[in-house]
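*Asks:* Let me give you the structure first, and then I'll get to my questions.
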């Protein structure tokens, strides 16, 4: 588990040691136990937690205290790829494996984004930051934490796939294509004027790190599927 804390703001990234945290990929009783144990360890109240159900698009939703508890027990999840709130008493949760999680915060706001190749290329990050700017938040005041995700060395394809930006494709000597989602994210942050001093990078390759869940590794090697959580 990775924990980053700055003042009262905490970002947590779980791993396989905390168990599978997604009801789609395990017995409900075990997932429920894993979630309860984790929330207790982090001193989080389930009624003040909101869990995303990712849809691989570019939709984000603002939530508040009235949304607390959604998705925690697998019921009434918030279907989108980003959550934003101005409530200090709500924790936002992103279940993830291979796609990148990007958490952010400033005084009066915080959020978390699901950035795989689809959401990244569809401009989820740009849309959210434009929304924040329109609400009076200065991008220079934001801090970001980038979580683990699949590296370009592990994200291999025989041919170009939908949702890929050719700028982030490279061809290896064996003919396979590598796709670099992380570089796309970092370039978008730079284009938005977000400096390196605003980003805390906890990313590592989920495919090659056996301590982490990886969707692609599960498909290729027959390992049990699972999801870890990134929480802000």
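*Asks:* Report the Cα centroid-to-centroid distance between segment 1-77 and segment 145-174 in angstrom, as an integer.
*Replies:* 28
*Asks:* Now a separate question. Looking at the square roots a ≥ b ≥ c of the eigenvalues of the Cα gyration tensor of segment 1-111, which shape do they give, rounded for a/c under 1.5, prolate if a/b is larger than b/c, or oblate?
*Replies:* In terms of gyration-tensor shape, rounded.
*Asks:* To check you understand DSSP bridge types, tell me what percent of the beta bridges within the chain (both residues inside) are antiparallel, rounded to 5.
*Replies:* Looking only at bridges with both residues in the chain, the antiparallel portion is about 70 percent.
*Asks:* Quick one: length gained pulling residue 24 to residue 160 fully straight, 0.36 nm per residue minus the C-alpha distance?
*Replies:* Full-extension gain reported as 46.1 nm.
*Asks:* Please list the three semi-axes, largest first and in whole Å, of the ellipsoid equivalent to segment 63-166, using sqrt of 5 times the eigenvalues of its alpha carbon gyration tensor.
*Replies:* They are 26, 18, 12 Å, listed from largest to smallest.
*Asks:* Which whole-number percent is the relative contact order of segment 99-232 (Cα, under 8 Å, 6+ apart)?
*Replies:* Answer for segment 99-232 is 27 percent.
*Asks:* While we're looking at this one, here's another question. Could you give the length gained on full extension between residue 43 and residue 61, defined as 0.36 nm per residue of separation minus the Cα-Cα distance, in nm?
*Replies:* Full-extension gain reported as 4.0 nm.
We did not get these values from a lab; they are worked out from the coordinates using the rules stated. Predicted model only: the values in this text are computed from it and were never measured.
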